[in-house]
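Report on the following structure.
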Amino acid sequence: DAKTTQPTSMDCAEGRAANLPCNHSTISGNEYVYWYRQIHSQGPQYIIHGLKNNETNEMASLIITEDRKSSTLILPHATLRDTAVYYCIVRVAVEGKLIFGQGTTLQVKP
Amino acid sequence: DGGITQSPKYLFRKEGQNVTLSCEQNLNHDAMYWYRQDPGQGLRLIYYSQIVNDFQKGDIAEGYSVSREKKESFPLTVTSAQKNPTAFYLCASSSGGSRTDTQYFGPGTRLTVL
C-alpha cells in the first residue's frame, strides 16, 4: 500500500476553510484516497474518499491532483468541533486493510 | 439506530489474565476488523474477518485471538502472551466485497493491564 505524508499539525480560525494536504507520490492506479478523523479517545470517523475525481459530501471536499500524487481535504467552514486528528489513507479497492499514519492534528481556534 | 458497539469503554485487568473485548454491529455488514492504537500513533490491524466462520491475521496478531460465529459479532481475546496489551482497541465493520468498501468504527475500548 502507498505511503502518505501529512503535516504534523495545523491551525485554522473558526469559520474559515481548513485545507489539509496529503502527499501520496507512490499511489497505484487502483488505490483510493480515504480521509478519516479522530476526536480524542473516540473511534475514527469516515469523512470522504475518492479515486481520481474531486469529491464533495456534506462534511468536506476532496481535491485530488491530476497525477494523483497528492490531495487536499477541505472543510469549508471549520468549527471548534472539527478539532481532531485527520488521517489520509490510500488503500487498494476491496482489500480490508487501512494503513493509518500519524495524521495531522487540526486545531480550530476561536 | 444502526451502528457498532464496543463494550466496555474502559477495562482493567491484572497481568497474566486473558480478557475478551466485545464488538457488535447491526449494520448487516459482512466484514469486521480489530485495530490497536497506542498513544500518539495511528491504528494497526490485528485481525479481520470477511465472512462468518473465517478470519485472517493482520499485521500484529501475535498474542490475540478472535472468533466469528455470528455475522454481527467479532470478539477479540487479548491473551497473556501479548507482551504489551495496554492500548486503545477499535473495532470496525464494512459491507464487504465492494470497490468502495468503507470501514466504520466503533467507539473503542481502552484496556489497561496492571
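Every read-out reported here was derived from the displayed coordinates using simple, explicitly stated rules and does not represent laboratory data. Small disclaimer: the values here were computed from a predicted structure and weren't measured. Reconstructed Cβ throughout: ideal geometry from the backbone, glycine too, with neighbour counts over all protein chains shown.
Kirkwood Rh and Cα-based Rg: tell me the resulting Rg over Rh for chain A, rounded to two decimals.
Numbers: Rg = 13.2 Å, Rh = 13.9 Å.
A ratio of 0.95.
Inside 10 Å of the C-beta atoms of A:30-38, what's the mean count of C-beta atoms belonging to other chains? Let's see the in-between values first.
Numbers: counts 1, 0, 4, 0, 3, 0, 5, 0, 6.
Across A:30-38, the average partner-chain Cβ count within 10 Å equals 2.
Over all distinct alpha-carbon pairs, what is the Kirkwood Rh of the protein assembly as shown in angstrom?
Hydrodynamic radius (Kirkwood, Cα only) of the protein assembly as shown equals 18.1 Å.
Stokes-Einstein D for the range B:1-76 at 20 °C, 1.002 mPa s, Kirkwood Rh over Cα pairs, in µm²/s?
161
Taking a ≥ b ≥ c as the square roots of the eigenvalues of the Cα gyration tensor of the range A:46-107, is the shape rounded (a/c under 1.5), prolate (a/b larger than b/c) or oblate? The partial results should precede the final answer.
Values: a/c = 1.86, a/b = 1.30, b/c = 1.43.
Oblate is the answer for the range A:46-107, as a/c is 1.5 or above yet b/c matches or exceeds a/b.
So which of A:K97/B:K9; A:K3/A:K97; A:K3/A:K109; A:K3/B:K83 end up more than 21 Å apart, counting from Cα to Cα? It would help to have the intermediate numbers written out before the result.
Working: A:K97/B:K9 24 Å; A:K3/A:K97 13 Å; A:K3/A:K109 30 Å; A:K3/B:K83 28 Å.
With Cα atoms farther than 21 Å apart: A:K97/B:K9; A:K3/A:K109; A:K3/B:K83.
Can you tell me the order of B:12-19, B:35-42, A:83-90 when each peptide is scored by its average per-residue count of other Cβ atoms within 10 angstrom, highest first?
Ranking the peptides B:12-19, B:35-42, A:83-90 by packing returns A:83-90, B:35-42, B:12-19.
With a cut-off of 20 Å, note down the residues of the range A:14-45 whose backbone N falls inside the zone around a label point 7 Å from the Cα of B:S95 toward its beta carbon.
A:31-36, A:45
Over chain B, what is the mean sequence separation of C-alpha contacts under 8 Å (at least six apart), divided by residue count, expressed as relative contact order in percent? Don't skip to the answer; put the middle values down first.
Details: 291 pairs, mean separation 39.6, N = 114.
The normalised contact order for chain B reaches 35 percent.
What does the average come to when, for each residue of peptide A:56-62, you count the partner chain Cβ atoms lying within 10 Å of its Cβ? Mind showing how you got there, number by number?
On the way: counts 0, 0, 0, 0, 0, 0, 0.
Across the residues of A:56-62, the mean count of other-chain Cβ atoms within 10 Å is 0.
What is the average number of partner chain Cβ atoms found within 10 Å of a Cβ in B:103-110?
4
Sort A:32-45, A:14-27 by packing, meaning the average of other beta carbons within 10 Å per residue, with the highest value first. Working shown, then result.
Numbers: A:32-45: 19.4, A:14-27: 17.1.
Per-residue Cβ counts within 10 Å, averaged per peptide and sorted highest first, yield A:32-45, A:14-27.
With a 10 Å radius around each residue's Cβ, average the other Cβ atoms per peptide and rank A:73-81, A:102-110, B:105-113, highest first. Provide the component values of the computation, followed by the final result.
Details: A:73-81: 15.2, A:102-110: 17.1, B:105-113: 18.9.
The peptides rank, most packed first, as B:105-113, A:102-110, A:73-81.
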